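Single-structure report; data block below.
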Amino acid sequence: MNTMTLWHITHWEFAALAAAALLVGFSKTAVSGANTVSLAIFAAVLPARESTGVLLPILIAGDVLAVLTYRRHAHWPTLWRLFPAVAVGVVVGTVFLVWADDEVVRTSIGAILLFMAGVTVWRRRRADAEARADARADAEGGVEAGSEPGGASASESAESEPDEVSTPAGRLKARSYGVLGGFTTMVANAGGPVMSMYLLSAGFRKLGFLGTSAFFFLIVNVSKVPFSAGLGLIDGHSLLLDAALVVFVVPGALIGKWAVNRINQRLFEQLVIAATIVGGAQLLLR
């Protein structure tokens, strides 16, 4: 860890890191995609390689808050199916970090951010198209008996195991997303969009999605600590900076719980995507 970098952070740089830590807490209880903005801020203020080690304990603090909120809704068969593939991705990411210097890591983080922003935009447009198609089908044929207004049957409105995750195609998808998620989370702490896309495509409903992702990221992020420490990305100096920043995670989570039903979700997601694109481009152009 670059000691001089950590001890010579300006007031404005610390304020930016504190805002990013607050956003981590907010994202865990409101919109998970906001984490990519925090990643861009940390990588812009600190050396890109070291920023991943400083951010990791902040993310773990947010994961603990998410688990405490949604712990009853985790789907453990899916988690056990994902973990072996994620472990492979984490090992590959660790090897990459051993080889890569700060410039390569910064460029990689920027590219990953832009890729994830593109994936998010594509996913939203696909969901909008499917929603319009469903609305047209309902308008033409009417809602079937036993269905709820959203087009889901009464039995489907309750939390249940997604059927897709237990099929051969579902297992292959879990392995593919798991490896990619493990690599991106190790290199850039950017596994959130990858795993969110997997859980949504697998058919998880809201509470199952939140509970499963909360435990997933807590376990994966804690498992990354020895790798990050072994690479020198976490040490006493980085933990001192974390201690000063982690206090901002809790109010961020509380603000998220208060605001989640009061904000325009679409506008917020658009702002997050825009900020992610700006942050990724800034890292690529530095």
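A short reminder: the numbers here are calculations on the coordinates, not readings from a lab. As the structure is a computational prediction, the values presented were derived from the model and not from experiment.
Which of rounded, prolate or oblate describes segment 1-115 when judged by the alpha-carbon gyration tensor and an a/c cut-off of 1.5? Numbers along the way, then the final one.
Numbers: a/c = 2.18, a/b = 1.27, b/c = 1.71.
It is oblate, given that a/c is not under 1.5 and a/b is not larger than b/c.
Determine the shape class of segment 26-93: with a ≥ b ≥ c the square roots of the Cα gyration tensor eigenvalues, call it rounded for a/c under 1.5, and otherwise prolate if a/b is greater than b/c, oblate otherwise. Could you put the intermediate results ahead of the total?
On the way: a/c = 2.56, a/b = 1.30, b/c = 1.96.
The shape class here is oblate.
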For segment 184-286: rounded, prolate or oblate by the Cα gyration tensor [a/c cutoff 1.5]: rounded
